[in-house]
């Protein structure tokens, strides 16, 4: 009986977490599905930019050298993100789902970057 109930219990516990991680789950397939992921990517880009602005405002006046270093570091991070996502999505290149995989990779990277930036904001 426990074995029979386990899949249902597991799904009930995991489903809410999956729903948060997959904001486009209720969207019909292409082109709306692809557009949904593109919008999620834009949101993640905006969040990284917002946190960078907070740090830039903090350092632009008093710590000009730090501001320049942060700008240089962000440019390098963007290059690294693109290269890492090219590797991660290489197998799907040319496939019909490539643009979704590409956006998902960049979203994942942006979320990690936003967390790093928030740590810098919270711990000056």
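Annotations for the structure displayed:
- Cα gyration tensor category, rounded, prolate or oblate, for segment 30-96 with a/c compared to 1.5: oblate
- Distance from segment 96-124 to segment 35-52 (C-alpha centre basis), Å: 9 Å
Throughout, read-outs are computed from the coordinates displayed, never taken from laboratory work. Quick caveat, the model's predicted, so the values are computed rather than measured.
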